[in-house]
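Novice: There's a structure below that I have some questions on.
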Amino acid sequence: NTSTCSFSVTVIDDVAPVFTCPHDTSVSTENGICGAHLNYPFPVAHDPCDGVVPVVATNSAQAPGSLFPKGITTVQVQASDAAGNTHSCSFHVTVVDLQSPLFTAPVDMVVAADPGTCGATVNYALPTAMDACDGSVPVQAEAGSQAPGGSFPIGTTTVILRASDNAGNITEHSFTIT
């Protein structure tokens, strides 16, 4: 006498893919823009059942080569296998503004002394500085320099102009008034 029976064995893939998350990264803004393109090293995920599986940034604006704005951006990357198991992690991209504002100083000036004085009142135009992150920023005469409309003595006076952005980046230019 013999008897037979059968049964099913179901193996469930409950193991998520494995990869190492990229490290936090800090970069400076690119020349002329308030951000930076970053090609961070994209990880490769391995799954015991599926082999190599793709890793994707959950927000396409955070993919390698994307423009990251000034400040801190959290990037989330994720890998999913065929069984729907996922592994995700996040890292930070910090974009720091190290660009100074741009402006051009007035040209050197030669003026005649005001009648009956040993100097001249000179009204020069302050330029406007442009900053990639802050837009238009004011330009001021540096302490010790004569401001527009000031009285300049006989001889040559060097005027130092300064512009500073919100990140503390400074540009100085000078010109002379004789």
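Novice: If N39 passes every condition in (1) polar (S, T, N, Q); (2) surrounded by 12 or more Cβ atoms within 10 Å (Cβ to Cβ); (3) within 32 Å of the chain's Cα centre (by Cα) but one, which one does it miss?
Specialist: Failing condition for N39: (2).
Novice: Right, something else. Hey, T176 hits all of (1) out of contact with any Ser or Thr (no Cβ under 8 Å at 6 or more places or on another chain); (2) in a strand (DSSP E or B); (3) of a type in the set (V, I, T) but one; which does it fall short on?
Specialist: It is condition (1) that T176 fails.
Novice: Shifting gears a bit: Does G116 satisfy the condition of being more than 30 Å from K70 (Cα to Cα), part of a loop (DSSP other than H, G, I, E, B), open to solvent by 50 Å² or more (accessible area, probe 1.4 Å) and not polar (S, T, N, Q)?
Specialist: Numbers: more than 30 Å from K70 (Cα to Cα): yes; part of a loop (DSSP other than H, G, I, E, B): yes; open to solvent by 50 Å² or more (accessible area, probe 1.4 Å): yes; not polar (S, T, N, Q): yes.
Considered against the rule, which asks whether it is more than 30 Å from K70 (Cα to Cα), part of a loop (DSSP other than H, G, I, E, B), open to solvent by 50 Å² or more (accessible area, probe 1.4 Å) and not polar (S, T, N, Q), G116 comes out as yes.
Novice: Continuing with this model, one more query. Within region 119-132, is there a residue that is of a type in the set (G, A, S) and within 30 Å of G71 (Cβ to Cβ)?
Specialist: The first filter runs over region 119-132 and keeps only residues of a type in the set (G, A, S), leaving 119-120, 125, 129, 132.
Narrowing further to those that are within 30 Å of G71 (Cβ to Cβ): 129, 132.
Yes, there is a match, as at least one residue in region 119-132 is of a type in the set (G, A, S) and within 30 Å of G71 (Cβ to Cβ).
Novice: Now for a different question. If C133 satisfies all but one of (1) touching a residue at least 12 places away in the same chain (Cβ under 8 Å); (2) part of a loop (DSSP other than H, G, I, E, B); (3) more than 14 Å from S100 (Cβ to Cβ), what's the number of the condition it fails?
Specialist: (3)
Novice: So if I check each of S80, S66, S136, which one is over 21 Å from the mean Cα position of the chain (by Cα) and either farther than 29 Å from T178 by Cα or among the acidic types (D, E) (or both)?
Specialist: Details: S66 fails: over 21 Å from the mean Cα position of the chain (by Cα); S136 fails: over 21 Å from the mean Cα position of the chain (by Cα).
Exactly one of S80, S66, S136 is over 21 Å from the mean Cα position of the chain (by Cα) and either farther than 29 Å from T178 by Cα or among the acidic types (D, E) (or both), namely S80.
Novice: Consider only pairs whose beta carbons are under 8 Å apart and that are at least six residues apart or on different chains; among these, list those whose first residue lies in region 27-48 and is closer than 27 Å to D13 by Cβ and whose second residue is among the aromatic types (F, W, Y).
Specialist: P43/F19; V44/F19; A45/F19; H46/F19
Novice: Would you check if there is a residue in region 143-150 being at pLDDT 95 or above and surrounded by 13 or more Cβ atoms within 10 Å (Cβ to Cβ)? Reasoning before the result, please.
Specialist: Within region 143-150, the first condition is being at pLDDT 95 or above, and the residues that meet it are none.
Scanning region 143-150 turns up no residue that is at pLDDT 95 or above and surrounded by 13 or more Cβ atoms within 10 Å (Cβ to Cβ).
Novice: Sort out which residues of region 62-83 are outside any strand (DSSP E or B) and either on the phi < 0 side of the Ramachandran plot or surrounded by 14 or more Cβ atoms within 10 Å (Cβ to Cβ) (or both), and write them in order of number. Please lay out each step first, then the result.
Specialist: Narrowing region 62-83 to residues outside any strand (DSSP E or B): 62-65, 70, 81-83.
Listed by number, the residues that qualify are Q62, A63, P64, K70, D81, A82, A83.
Novice: With respect to N31, is the statement that it is of a type outside the set (A, V, I, L, M), open to solvent by 70 Å² or more (accessible area, probe 1.4 Å), part of a loop (DSSP other than H, G, I, E, B) and under 27 Å from G168 (Cα atoms) true? Don't jump to the end; show me each part of the working.
Specialist: Values: of a type outside the set (A, V, I, L, M): yes; open to solvent by 70 Å² or more (accessible area, probe 1.4 Å): yes; part of a loop (DSSP other than H, G, I, E, B): yes; under 27 Å from G168 (Cα atoms): yes.
Yes.
Novice: Shifting gears a bit: Only one of these is closer than 30 Å to S164 by Cα and small (G, A, S): S90, S3, S26. Name it.
Specialist: Details: S90 fails: closer than 30 Å to S164 by Cα; S3 fails: closer than 30 Å to S164 by Cα.
None of the other options fit; the residue is S26.
The values are calculated or read from the model by the stated rules, or taken from the named source; none is laboratory data. Just so it is clear, the model here is predicted, and its values are computed rather than measured. In this analysis, Cβ positions are derived from the backbone assuming ideal geometry, glycine residues included, and neighbour counts consider all displayed protein chains. Ligands, DNA and RNA are excluded from the accessible area calculation, which covers all protein heavy atoms including side chains. Shrake-Rupley method; radii C 1.70, N 1.55, O 1.52, S 1.80 Å.
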